[in-house]
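To start, the structure under review is shown below, and the notes come after it.
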Amino acid sequence: MDVSRRGFLKLSGLSIAAFATGLGFDPAVAEATGYALKLEGTKKIPSICHFCSGGCGMLLYVKEGKLIHLEGDPDHPTNEGTLCPKAASLLSVANSPDRVTKPKRRAPGADHWEDISWEDALDRVAKKTKEVRDASWKAADEIVNAKTGLKEMFSVNRAEGIAFIGSAEVDNEESYLFTKFCRVIGNPYHEHQARI
Ligand code: SF4
């Protein structure tokens, strides 16, 4: 008998299932039991995949602070339980030893990055933002008056030297906060990757 590779795998699967059923062993029950055992003692956390701007719903299973399993949320209207390969691989991303979990700084002229504290990182970003904002602040600009057609000076109060681009890794709530932050510091140039 000529059997293709795919056909051989199908036949093998059927033979194993038939053999298991013959022994009173139901593979479906075994699979469900394995799934239940794997998730025993975990906390289920509904979340959103933020790999791209699709916003698919995920269920995360966490035990002792570690992500044990994740899957598509069947009740989520966007993906109805499915996940694309990028999201399905997020378990490896979350648990990767290469994952950067501390802020890092490369000093001017240095050839390596060094760990710094969150406090230090926030201080540096705040100081730099203030410095650039002050240096590039524009209080007034010459604009054509729509009524008269003549150029006039109008108050604009904007930070010309700062622009902000949100990445696909930024979710809705973070985008909201970033937008608020940009407005607070007088920065009109803020955009999001999903719109570009
Ligand atoms: S599961 Fe895939 S399609 Fe859905 S948001 Fe994540 S990366 Fe985008």
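Observations, loosely collected:
- Residue check for TYR176: touching an Asp or Glu at 6+ places or on another chain (Cβ under 9 Å), outside the structural domain of GLY54 (by TED's automatic domain parsing) and at pLDDT below 95: no
- Identification of helices (runs of 4 or more DSSP H) wholly contained in the range 1-107 with 3 or more residues that are surrounded by 13 or more Cβ atoms within 10 Å (Cβ to Cβ) and modelled with pLDDT of 75 or more yields 85-88, 90-95.
- Whenever a residue of the range 31-52 is closer than 30 Å to ASN172 by Cα, its partners that are among the hydroxyl-bearing types (Ser, Thr, Tyr) and assigned to a strand (DSSP E or B), lying with C-beta atoms within less than 9 angstrom and at least six residues away or across chains, give the pairs LEU39/TYR61; THR42/TYR61; LYS43/TYR61; LYS44/TYR61; ILE45/TYR61.
- Test: residue in the range 105-114 that is outside the structural domain of ILE48 (by TED's automatic domain parsing), in contact with a strand residue (DSSP E or B) (Cβ under 7 Å, 6 or more places away or on another chain) and of a type outside the set (A, V, I, L, M, F, W, C): yes
- Residue in the range 50-70 that is in contact with a His (Cβ under 7 Å, 6 or more places away or on another chain) and within 13 Å of the ligand (Cβ to nearest atom) present: yes
The values are calculated or read from the model by the stated rules, or taken from the named source; none is laboratory data. No experiment lies behind these values; they were computed from the predicted model shown. Note that we place each Cβ from the backbone using ideal geometry, even for glycine, and neighbour counts take in every protein chain shown.
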